[in-house]
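Have a look at the structure below before the remarks.
None of the figures in this text is laboratory data; all of them are computed from the coordinates on show. Source: prediction; values computed, not measured. With ideal geometry, Cβ positions are generated from the backbone for all residues, glycine too; neighbour counts draw on all protein chains shown.
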Amino acid sequence: MQKIKALADRIIQNIEKVIIGKRYTVEQVVIGLLSQGHLLIEDVPGVGKTMLARALAISVGGTFGRLQFTPDMLPSDVTGVAIFNQATREFEFRPGPVMSHILLVDEINRATPKTQSALLEAMGEHQVTVDGVTYPLPQPFMVLATQNPIEYEGTFPLPEAQLDRFMLRINLGYPAFEDEVRVLERQQFRHPVETLEAVTTIAELRAAQEQIKDVYLSPAVKQYLVKLTRRTRDHPDVFLGASPRGSLTLYRTAQARAAIHGRAFVLPDDIKALAQPALAHRIILAPGARMREQRTGDIVEALLDKIPSVDADTARR
């Protein structure tokens, strides 16, 4: 797993030239990339969400697409459209921004449900269908969608089916004082993303994505993982708990986290580190819990404290 660790370190260090002081979040993005998943970034404007997506695309040598969702956007603006060519007397497919390796969907909750659903096939099946013809997406394909957790006027909340398609929900947050000063210094003449270069290739990335599937999870760690997911369904403050896709997400992302730390086996600490970003957005609170302003992340953290963990020696067996 040392090759994957070296690859992840190169990508993380390259992104950190643009996103300063957010090592934990950048690591989660790389985990999502290696796990072949999609990320939902919930944060206020101006903290670097777009630059994070651009830096990731450049670092892996992939193509970058961007969609700025608005209420008047149509599904064809996402997937592309078939246009009749007068010269050839045939319809030609003009691909939309979705035909890229890294797709940034800015303010995803500002589009209508019909347009939001245009992403479901792309995210789930890695393909789009236009006028009855199916077109495969580039591989790897990753969606980084953003939404503002403060401003809800004129928005359309994401349905549970679409939220469940996102492997992790993360946030950047405001930078620390010293980091914000460094941001000013680095952008005095031009933005650092303009000088960023690729540190790997698509072929090397695809190989790493396949290799992390060999990371070992002991039976005890698997049981610990499933117990955690199932307990979200029995919690008194939860109306709907995490789906089996949540268990699979924890499984895949824990493998990726172990690999980028140079291990060929998953520890309980990998599960604990990823439980909240992997499960919290899949939980629907009961009405009473919403009235008390309970947070799904707090429920996951409480369950981590209650469920007995597995020691490192057991995790290796």
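Kindly flag which residue pairs out of Lys5/Lys227; Lys22/Lys227; Lys213/Lys306; Lys22/Lys272; Lys5/Lys213; Lys17/Lys49 have an alpha-carbon separation exceeding 22 Å in this structure.
Values: Lys5/Lys227 29 Å; Lys22/Lys227 31 Å; Lys213/Lys306 29 Å; Lys22/Lys272 19 Å; Lys5/Lys213 14 Å; Lys17/Lys49 14 Å.
Pairs exceeding the cut-off: Lys5/Lys227; Lys22/Lys227; Lys213/Lys306.
Once the Cα atoms of helix 268-279 and of the chain are each reduced to a long axis, what angle between those two axes, in degrees from 0 to 90 to the nearest 10, is obtained?
Helix 268-279 sits roughly 50 degrees off the main axis of the chain.
Just going by the charge dipole of the chain, with Lys and Arg at +1 and Asp and Glu at -1 on Cβ, which of Leu248, Val181, Ser59 is farthest out on the positive end?
Farthest towards the positive end: Leu248.
Amide H to amide H, which residues 5 or more places from Val128 or on other chains are under 5 Å from it, using H placed in the peptide plane?
Counting only residues 5 or more places away or on other chains, the set is Tyr135, Leu137.
With 28 Å as the cut-off, how large is the P(r) tail for the chain, expressed as percent of Cα-Cα pairs?
Working: 21819 of 50086 pairs.
Value for the chain: 44 percent of Cα pairs lie more than 28 Å apart.
Using label points projected 7 Å from each Cα along Cα→Cβ, tell me how many nm separate Leu240 and Thr314, to one decimal.
Placing both labels 7 Å beyond Cα along the Cβ direction yields 3.3 nm.
How would region 140-251 be classified by its alpha-carbon gyration tensor: rounded, prolate or oblate, with rounded meaning a/c under 1.5 and the a/b versus b/c comparison settling the rest?
oblate
Taking the Cα centre of the chain as origin, sum charge times position over the Cβ atoms of Lys and Arg (+1) and Asp and Glu (-1), and report the length of that vector in debye to the nearest 20. Spell out each step's value before the answer.
Details: 37 positive and 37 negative charges, 178 e Å.
Dipole size: approximately 860 debye.
Sort out the exposed loop chymotrypsin sites (Phe, Trp or Tyr not before Pro) in the chain (DSSP loop, at most 14 other Cβ within 10 Å) and tell me the longest stretch that has none.
Values: sites that count: Tyr152, Phe189.
Longest site-free region, per DSSP loop and neighbour criteria: 1-151.
Of the beta bridges DSSP finds with both residues in the chain, what % are antiparallel, to the nearest 5?
Details: 12 of 29 bridges.
Once the DSSP bridges in the chain are tallied, antiparallel ones form about 40 percent.
Would you mind computing, in nm to one decimal, how far apart the modelled labels at Thr201 and Lys114 are, each placed 7 Å from Cα along Cα→Cβ?
So the two model labels end up 4.4 nm from each other.
Using the Karplus curve 6.51 cos²θ - 1.76 cosθ + 1.60 with θ = phi - 60°, what ³J(HN,Hα) values do you get for each residue of region 212-218, in whole Hz, with x for Gly and Pro?
Per-residue couplings from phi come out as 5, 5, 7, 5, 7, 10, 5 Hz.
So if I average 1/r over every pair of distinct C-alpha atoms in region 227-317 and take the inverse, what Kirkwood radius in Å does that give? Kindly include the intermediate steps, with their values, before the conclusion.
On the way: mean 1/r = 0.0731 Å⁻¹.
Evaluated over region 227-317, this radius sits at 13.7 Å.
Could you state the angle between the C-alpha long axis of helix 296-306 and the longest principal axis of the C-alpha atoms of the chain, as a value from 0 to 90 degrees rounded to the nearest 10?
Taking the Cα atoms of the chain, the angle to 296-306 is about 30 degrees.
Amide H of Val105: which non-local residues (sequence gap of 5 or more, or other chain) have their own amide H closer than 5 Å, using H built in the peptide plane?
Hits under the 5 Å cutoff: Leu67, Leu144, Ala145, Thr146.
Give me the angle, in degrees from 0 to 90, between the Cα long axis of helix 219-234 and the longest principal axis of the Cα atoms of the chain, rounded to the nearest 10.
Tilt relative to the chain: about 80 degrees.
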